[in-house]
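> Quick one: the structure is below, questions incoming.
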């Protein structure tokens, strides 16, 4: 019986202690010392040395970015991803290296490689990504990379991707194009060049 009342006494005293701390904080509220409305308002990121050279460090926990104009659709990044967060669909082009303006397909990459495939879907689900950076290394055109670090001149670091809806964390880099549109466009392009 004594243990029963001791437990009740301990519960009441710890509850009052916790509420006392809360009450003191409520009374002593200062300006800008309350909850920030996070996705709309953000604290400024402090400039500080965090122990590595930003120009040489490549594995920063940031989001993946793809320069879709340089993607040749080789699927190496999709195959190497350990969690299958990258989804790529491609369609073969009849005239290798041809520009197809109506579906925004540049036939040659910035490295001079002629494209044989049109990337119709390139999705990265950042809710599944484990930030291992394995997809970056096999890319022959260097079109997929983590933002920030040595890639800061291409794309600033983006470490905060807070969204209300989980589907907004699926980044779609390729324009939705049907197989029929690609076939029609490549046939038209071939007829023009012939």
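The values are calculated or read from the model by the stated rules, or taken from the named source; none is laboratory data. The structure presented is a predicted model; accordingly, all values stated were derived computationally and were not measured. Cβ coordinates were reconstructed from backbone atoms using ideal geometry, including for glycine residues, and neighbour counts include every protein chain displayed.
> Has the range 141-155 got any residue that is under 15 Å from the mean Cα position of the chain (by Cα), modelled with pLDDT of 85 or more, surrounded by 17 or more Cβ atoms within 10 Å (Cβ to Cβ) and more than 30 Å from residue 41 (Cα to Cα)?
yes
> Could you tell me whether any residue of the range 9-30 is under 23 Å from the mean Cα position of the chain (by Cα) and either at pLDDT below 70 or assigned to a loop (DSSP other than H, G, I, E, B) (or both)?
no
> Can you name every residue in the range 64-84 that is touching a strand residue (DSSP E or B) at 6+ places or on another chain (Cβ under 7 Å) and in a loop (DSSP other than H, G, I, E, B)?
71, 72, 73, 75
> Only one of (1) modelled with pLDDT under 85; (2) within 19 Å of residue 171 (Cβ to Cβ); (3) touching a helix residue (DSSP H, G or I) at 6+ places or on another chain (Cβ under 8 Å) fails for residue 105. Which number is that?
Result: residue 105 fails condition (2) only.
One line per residue, one yes/no per condition, for (1) on the phi > 0 side of the Ramachandran plot; (2) in a loop (DSSP other than H, G, I, E, B); (3) at pLDDT 90 or above:
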residue: 96; (1), (2), (3): no, yes, no
residue: 111; (1), (2), (3): no, yes, no
residue: 119; (1), (2), (3): no, no, no
residue: 131; (1), (2), (3): yes, yes, no
